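Working notes for the structure below.
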Amino acid sequence: MYKVLVINPYITDFKLYDEWMHPSGLYFLIDCLKRNGIQTYYFNCLKQVSKPKKHGTGSFMSLEIKKPSLYKNIKRKYKLYGRPQSELINFLSDIDDPDLVCIGTMMTYWAPGVIQTIKIIKEQLPNVPVIIGGIAARLFSHYFKNRLPGCITSDSILTTNRINLPQPVHSALKALSKPTSLLGGLECLDHATHGPVLLSFGCPMKCSYCASRVLQKDFYHRSIKTTIREILYLNERFGVSDFAFYDDALLVKPDQVLIPFLKKINEYRIPFRFHTPNGLHLQFITEEISDLMKENGFKTIRLGFESGSKKYADDTNYKSGFDMLEKKFSILQKSGFDKNDIGVYIMGGLKDQKPLEMLKEMKYAGSLGIKIKPVFLSPVPHTELFKYYSHFFPQIKSDPLWHNDTFFITSLAQWDFDSVEMIRKKSREINQVNSCRPAGNL
Ligand code: SF4
């Protein structure tokens, strides 16, 4: 029987927290492989340390490693996140040699973690072909092709003759363009403190910094029945009650999927907690939706906002202004959401943006009582902002380390490590003051 090993690789960064992280693309891949009769193994290099914290989140095991010279001015530790590498080596020597290894990728600047994972695989399984797939491999395939000439990126599988894949693997990889279920992947887990929920693929909008449209051209819904089966599976097997929505556009066309989903999941009378780490679209929050979310266990709310400045309306796809933020925040509070569970993403690194402009936006949002979640731009290949910044920083076209949010912001005019630290410190102060303040007038 043909055997495939699927690996979620190590990650290298200055920070990483398991806030409901799951390699959903790999779960879909495993499901497609299994449906095509292929024996599949899974190894997850990431592992939470000890006991989970709030709502199943937690820290990852990590190892401090040498900082790339590019990052010499970033006064933070650079780490390889994941379980001890000896565990991967032992796993590889214990299993029957697979015929193929598939490795996933996410952020482009996590590439050194992927490379380290592949180095171990190649040492242990020198003759087994390795395919690199996932987000970073799709957005920056030329880098992985050049850097790892012994591997194949998923975009070139059908055009290369370097690897002889049997028909069932071809069928599985083809099915991955419109996958159906996460279940095959979830069955491979030996432990879970939280789970993913996905009701739809894609986003109908097109923000200048986001690759959602590039990765997923069409916006479409999944089967509610399948999603519920996935949730119940994790709840029954591991007692998971914290689930994070992975949708890019959860509130778009709610009559077709979110509302029927909530009505259905409610029938099970299980006290789930739902979280929305991918920011919700403010404009689609209505009293009805907000009440329904609250009644059905939504807990952590993150709002996609980025900037309320008219100057960046094109970049944020005219998502919202401060008036709308205030109005929707009030709707959420009226539904009963705790203001400390509502956070708004405010972005730094937009065109010509200065630290003080970002700070002003943070202060304004903070004055409404909302928790501030500052985020810094990562130039994501194939996006509008990537094209814009590549004129000033051609390095971003060839070196994924340049895409690191903590680093890239410090290379912009008027920004440096200290201004980034100032923004982080101020956001903590604003949030601290707000957490002590009583809820606003409703
Ligand atoms: S609304 Fe969100 S998911 Fe959609 S394009 Fe903009 S940033 Fe991406």
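The values are calculated or read from the model by the stated rules, or taken from the named source; none is laboratory data. Only a predicted model underlies this, so the values are computations on that prediction, with no experimental measurement involved. When we count neighbours, we look across all protein chains shown, and the Cβ atoms used for this are built from the backbone with ideal geometry, even at glycine.
Return yes when Arg269 is among the charged types (D, E, K, R) and in contact with a Pro (Cβ under 7 Å, 6 or more places away or on another chain) and no when it is not. Here the answer is no, as Arg269 does not meet what is asked. In segment 203-217, of all residues being surrounded by fewer than 18 Cβ atoms within 10 Å (Cβ to Cβ) and under 14 Å from Asp247 (Cβ atoms), the one that is nearest to the ligand (Cβ to nearest atom) corresponds to Pro204. Evaluation of Leu189 against the conditions (1) more than 16 Å from the ligand (Cβ to nearest atom); (2) without any contact (Cβ under 8 Å) to a residue 40 or more places away in the chain; (3) not aromatic (Phe, Trp, Tyr) shows that the sole unmet condition is (2).
Remark: Ser307 falls outside the filter, which requires a residue to be over 21 Å from Trp20 (Cβ atoms), in contact (Cβ under 8 Å) with a residue 40 or more places away in the chain and away from the ligand (no atom under 16 Å from the Cβ).
Filtering Met362, Met293, Met324, Met347 for residues that are within 16 Å of the ligand (Cβ to nearest atom), out of contact with any Gly (no Cβ under 6 Å at 6 or more places or on another chain) and under 30 Å from Gly56 (Cα atoms) leaves a single hit, Met347. Filtered by the rule that a residue be assigned to a helix (DSSP H, G or I) and modelled with pLDDT of 95 or more, segment 407-417 gives Phe407, Phe408, Ile409, Thr410, Ser411. The one condition from (1) over 25 Å from Met347 (Cα atoms); (2) modelled with pLDDT of 95 or more that Phe201 does not meet is (1). Among residues that are in a helix (DSSP H, G or I) and within 30 Å of Ser378 (Cα to Cα), Leu332 is included.
Return yes when Phe243 is within 16 Å of the ligand (Cβ to nearest atom), in contact (Cβ under 8 Å) with a residue 24 or more places away in the chain and touching a Pro at 6+ places or on another chain (Cβ under 8 Å) and no when it is not. Walk me through it before giving the result.
Numbers: within 16 Å of the ligand (Cβ to nearest atom): no; in contact (Cβ under 8 Å) with a residue 24 or more places away in the chain: yes; touching a Pro at 6+ places or on another chain (Cβ under 8 Å): yes.
So Phe243 does not fit the description; no.
Can you pull out the residues in segment 210-225 that are out of contact with any Phe, Trp or Tyr (no Cβ under 8 Å at 6 or more places or on another chain) and assigned to a helix (DSSP H, G or I)? Across segment 210-225, the qualifying residues are Ser212, Arg213, Val214, Leu215, Lys225.
Rundown of residues vs (1) outside the structural domain of Thr406 (by TED's automatic domain parsing); (2) buried (at least 18 other Cβ atoms within 10 Å of the Cβ); (3) among the aliphatic types (A, V, I, L, M); (4) not in a helix (DSSP H, G or I), yes/no style:
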position	(1), (2), (3), (4)
Ile289	no, yes, yes, no
Thr316	no, yes, no, yes
Ser320	no, yes, no, yes
Lys328	no, yes, no, no
Met347	no, yes, yes, yes
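Taking first residues from segment 276-297 that are basic (Lys, Arg) and partners that are outside any strand (DSSP E or B) and buried (at least 16 other Cβ atoms within 10 Å of the Cβ), the Cβ contacts under 7 Å between residues at least 6 apart in sequence or on separate chains come to Lys294/Ser335; Lys294/Phe337.
Selection within segment 62-85: residues that are of a type outside the set (Gly, Ala, Ser) and under 25 Å from Leu182 (Cα atoms). The member of this set that is farthest from the chain's Cα centre (by Cα) is Arg83.
Pick from segment 255-280 the residues that are within 15 Å of the ligand (Cβ to nearest atom) and crowded, with 22+ Cβ neighbours inside 10 Å: which of them is farthest from Ser330 (Cα to Cα)?
Checking each candidate, the answer is Thr276.
A single member of Phe417, Phe386 is farther than 20 Å from Asp314 by Cα and not charged (D, E, K, R), and it is Phe417.
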